[in-house]
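The values are calculated or read from the model by the stated rules, or taken from the named source; none is laboratory data. Keep in mind it's a predicted model, so treat the numbers as computed, not measured. Note that each Cβ is placed from the backbone with ideal geometry, even for glycine, and that neighbours are counted across all protein chains shown. Side chains are part of the model used for accessible areas, which takes the heavy atoms of the whole protein and leaves out ligands, DNA and RNA. Shrake-Rupley method; radii C 1.70, N 1.55, O 1.52, S 1.80 Å.
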Amino acid sequence: MSWGIELWDQFDNLEKHTQWGIDILEKYIKFVKERTEIELSYAKQLRNLAKKYQPKKNSKEEEEYRYTACKAFLSTLNEMNDYAGQHEVISENMTSHITVELARYVQELKQERKSYFHDGRKAQQHIEICWKQLESSKRRFERDCKEADRAQQYFEKMDADINVTKADVEKARQQAQVRHQMAEDSRADYSSILQKFNHEQHEYYHTHIPNIFQKIQEMEERRILRIGESMKTYAEVDRQVIPIIGKCLDEIVKAAESIDQKNDSQLVIEAYKSGFEPPGDIEFEDYTQPMKRTVSDNSLSNSRGEGKPELKFGGKSKGKLWPFIKKNKLMSLLTSPHQPPPPPPASALPTAVPNGPQSPKQQKEPLSHRFNEFMTSKPKIHCFRSLKRGGAAPEDFSNLPPEQRRKKLQQKVDELNKEIQKEMDQRDAITKMKDVYLKNPQMGDPASLDHKLTEVSQNIEKLRLEAQKFEAWLAEVEGRLPARGDQARRQSGMYEAQNPTTVNNCAQDRESPDGSYTEEQSQESEVKVLATDFDDEFDDEEPLPAIGTCKALYTFEGQNEGTISVVEGETLYVIEEDKGDGWTRIRRNEEEGYVPTSYVEVYLDKNAKGAKTYI
């Protein structure tokens, strides 16, 4: 099977076919090029997707990746990066092994095809020239033969005519002979050219054209073979990355299998465990005996320890009703008397006391109202006036539950130890450099390092003191050390004073995991100690604004802590209303304290803040 034999007369069709073959090759190159662009775009989108869901550094999201499910998701994101990298490899290999190679091959193929068809056209032109020469000699031979016949006929006519002279006959005879000679020459020339043309034509159709067409056929077969090899390469490029992609998918499956729901549950406990105990039962408050009535915080202070039977109110009482006080009342709790106010003097009529215990305005709020007030209060804990205005977080993390505080303190201790080690390494390096300078003075002045060495030593000492401070707090939380006394608290600086909530002793304002509060049996004494400490540290705070005035109806001797003595008829500032416990907070000049609400007559007036005190 040869194009030179079978297609000897299809020069133009072969030219069109080979051009179509090159177009197909260029189309395949374009297809592969677009595939590489798609792979690159896909890889870029995968990387952007993985980057989008990567946890941000130093953010809350980064802390969430402690959980095994989040770790598995992070592994998936990392594997997606590798997965995208394999698609980039596909694009690179297709570009280098197919697109570039085929583009170069197409250029070579075009040049080769051009040379072959140029040789073919050259052979065609040559045979056409030979054909034209043959046609020309043939026409000349035909013409000369016709001229010789006419000259012979004219000679015979002149020879038969008796009226023609002998000279004319001889002339005609010579002319006929010349024409016959010309015809013979033309015949010989025609014969020679014909033989030459036949030879050239044989060479053209049996040698030149078959050779050219055979080369074209070989070129076309190489093109077909090359495009087939490129398609194999196309598949192999994909096949080469399949194992790596399979590994990526296997890693994703492995990460998914590493998810441990029990471990994640334990991490939730470690993250949110407060260390508090659930609140105990609420004591029954007997309102039928006004003289023995107790405030709710005192009744709750002894709710733990003795297993008293739970009393149900209409079948709706719950064991977790926990203190019915607003969270921003801690300062009042710290200084308010922990006992019911005394009744007014027996000589006075109850009706004459506008704010006495029998007044409807001063009745204790129902239990459900106090519970609703507690449940709807905001979770922010405000113990001190300065912190109400927006203080910084405490350094000892005393605003956190015990377990969370322990974790934070441990983390701080570890960070400080790392900083200390870093500074010590720097000190060692400076010391070695100083030794080198001492041995080789030409390298530098040893005295120039003294300042830096002193500075590093001071930093180490500061960090050690800081670490000791946090270790002491940590030991206190873990129960290794007894609770700090007044002196220890004062040595800790103003850290506790900056606390937006109370420290551990302020159990009345500490929130348990379910939103309730707990307190220890020794709470009352600890609260008193804290109140004393913080009163000392907040002496320079501006006083609370007055919300009105009051007039003492009876003389009251303030003998208990937090109370203030008043004389009948005395006028004072009111700085805090009765919150239902029977006590009103008042001020006389710089002195503040509580008096029984039934002993004074209150005049609330917002404009009385700047008024003068009338005695």
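Could you say whether any residue in region 91-110 is surrounded by fewer than 16 Cβ atoms within 10 Å (Cβ to Cβ), in a helix (DSSP H, G or I), more than 32 Å from the chain's Cα centre (by Cα) and of a type in the set (Lys, Arg)?
yes
Give just the number: which of (1) touching a residue at least 60 places away in the same chain (Cβ under 8 Å); (2) farther than 12 Å from HIS97 by Cβ; (3) open to solvent by 70 Å² or more (accessible area, probe 1.4 Å) does GLN240 not satisfy?
Unmet condition: (2).
Output the residues belonging to region 23-54 that are within 21 Å of THR99 (Cα to Cα) and aliphatic (A, V, I, L, M).
If the condition is that a residue be within 21 Å of THR99 (Cα to Cα) and aliphatic (A, V, I, L, M), then ILE24, LEU25, ILE29, VAL32, ILE38, LEU40, ALA43 are the ones that fit.
Output the residues belonging to region 421-463 that are outside any helix (DSSP H, G or I) and open to solvent by 70 Å² or more (accessible area, probe 1.4 Å).
Selection gives ASP445 alone.
Pairs under 8 Å by beta carbon, first residue under 14 Å from ILE22 (Cα atoms) in region 203-228, partner part of a helix (DSSP H, G or I) and of a type in the set (Val, Ile, Thr), six or more apart or different chains?
ILE216/THR18; MET219/THR18; GLU220/THR18; ARG223/ILE22; ILE227/ILE24
Can you tell which of THR563, THR549 is surrounded by 17 or more Cβ atoms within 10 Å (Cβ to Cβ), under 27 Å from GLU285 (Cβ atoms) and at pLDDT 80 or above?
Within the list THR563, THR549, the selection yields THR563.
Look through region 128-178, keep the residues that are aliphatic (A, V, I, L, M) and open to solvent by 60 Å² or more (accessible area, probe 1.4 Å), and return whichever of them is nearest to GLN201 (Cα to Cα).
ILE129
Restricting to helices (runs of 4 or more DSSP H) lying wholly in region 1-90: which have 3 or more residues that are open to solvent by less than 40 Å² (accessible area, probe 1.4 Å) and on the phi < 0 side of the Ramachandran plot?
Output list reads 11-52.
So, in region 92-106, exactly how many residues are in contact with a helix residue (DSSP H, G or I) (Cβ under 7 Å, 6 or more places away or on another chain), of a type in the set (Ser, Thr, Tyr) and closer than 13 Å to LYS33 by Cβ?
Counting residues in region 92-106 that are in contact with a helix residue (DSSP H, G or I) (Cβ under 7 Å, 6 or more places away or on another chain), of a type in the set (Ser, Thr, Tyr) and closer than 13 Å to LYS33 by Cβ gives 2.
Name the residue, out of LEU544, LEU572, that is at pLDDT 50 or above and open to solvent by 30 Å² or more (accessible area, probe 1.4 Å).
Result of the check over LEU544, LEU572: LEU544.
Right, ALA167: of a type in the set (Gly, Ala, Ser) and either modelled with pLDDT under 90 or more than 25 Å from LEU25 (Cβ to Cβ) (or both) or not?
When the stated conditions are applied, ALA167 passes them.
If you check every pair at least six apart or on different chains, which have Cβ atoms under 6 Å apart with a residue in region 550-566 that is under 13 Å from ARG588 (Cβ atoms) first and a residue that is among the charged types (D, E, K, R) and assigned to a loop (DSSP other than H, G, I, E, B) second?
As it stands, the answer is ALA552/GLU568; ALA552/GLU570; SER565/GLU557, since those pairs meet every condition given.
Any chance region 116-129 includes a residue that's in contact (Cβ under 8 Å) with a residue 12 or more places away in the chain and either β-branched (Val, Ile, Thr) or over 20 Å from SER2 (Cα atoms) (or both)?
Yes, region 116-129 has at least one match.
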